[in-house]
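Notes follow once the structure below has been shown.
The values are calculated or read from the model by the stated rules, or taken from the named source; none is laboratory data. These numbers were taken from a predicted model, which means no experiment stands behind them. Neighbour counts are summed over all protein chains in view; Cβ atoms, including those assigned to glycine, are modelled from backbone coordinates with ideal geometry. Heads up: the accessible areas ignore ligands, DNA and RNA and are worked out on the full protein's heavy atoms, side chains in. Shrake-Rupley method; radii C 1.70, N 1.55, O 1.52, S 1.80 Å.
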Amino acid sequence: MAQHNKLGKEGEHAACEFLISKGYTVREANWRMGRMEIDIIAQETGANLIHIIEVKTRSDATHFDPMESITPSKIRNLVNAANGYIQLHRLPMAVQYDVMILVGKGSDFDIHYIPNAFQPPLRTIR
């Protein structure tokens, strides 16, 4: 496995552990619909809200603005995949789009969680 892929997997694992420690249930990790992927789908215990979470992991924060990688195309794909997940599972829940930024290596990450990081555009399907 390439080093950046290994770091990404470690970051996603740390992100799941962080969410669980905060009382979330991780419903899915790396859920795919066609070519689109959602890093984490989570739910707070007792809440009628699904969190669609994009995870950005880097070993070094130098010259790193994670929100630059959340492009309109990325947002469109996340929203379309989230809509597919909700329809597939017939979930009558609200959706929130969050971003988690992890900087570090192995199991030693600084985690910055940005709830409600962006709103879906009014039109998402091409």
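The modelled label-to-label distance between residue 112 and residue 13, using points 7 Å beyond Cα along the C-beta direction, is 2.5 nm. Taking Cα centre as origin and charging only the Cβ of basic (Lys, Arg, +1) and acidic (Asp, Glu, -1) residues, the dipole magnitude of segment 71-126 rounds to 400 debye.
With +1 assigned to the C-beta of every Lys and Arg and -1 to the C-beta of every Asp and Glu, and no other charges, what is the dipole magnitude of the chain about the Cα centre in debye, to the nearest 20?
Numbers: 14 positive and 14 negative charges, 122 e Å.
It works out to roughly 580 debye.
Highest GNM mean-square fluctuation among 89, 51, 13, for the chain modelled with Cα contacts below 10 Å: 89.
Rolling a 1.4 Å probe over the protein heavy atoms gives segment 2-79 an accessible area of 55 Å² per residue. Here the accessible area of segment 1-81 is 49 percent carbon and sulfur, with a 1.4 angstrom probe and all protein chains present. Spread over its residues, the convex hull of the C-alpha atoms of the chain is 113 Å³ per residue. How far is helix 72-89 tilted, in degrees, relative to the longest principal axis of the Cα atoms in the chain, given as a value from 0 to 90 rounded to the nearest 10? Helix 72-89 and the main axis of the chain meet at about 60 degrees.
Taking label positions 7 Å along the Cα-Cβ direction at both residue 37 and residue 88, the computed distance is 1.4 nm, reported to one decimal. Sequence-distant contacts, meaning Cα pairs under 8 Å at least 6 residues apart, place the relative contact order of the chain at 25 percent. DSSP finds beta bridges in the chain, and of those with both partners inside it, around 65 percent are antiparallel.
Dipole of segment 20-118 computed with +1 at Lys/Arg Cβ and -1 at Asp/Glu Cβ about the Cα centre; of 55, 115, 82, farthest Cα towards the positive end is 82.
Applying the criteria of a DSSP loop state and at most 14 other Cβ atoms within 10 Å to the trypsin sites (Lys or Arg not before Pro) of segment 15-100 yields 22, 35, 90. Relative to the longest principal axis of the Cα atoms of the chain, the long axis of helix 3-21 makes an angle of roughly 60 degrees.
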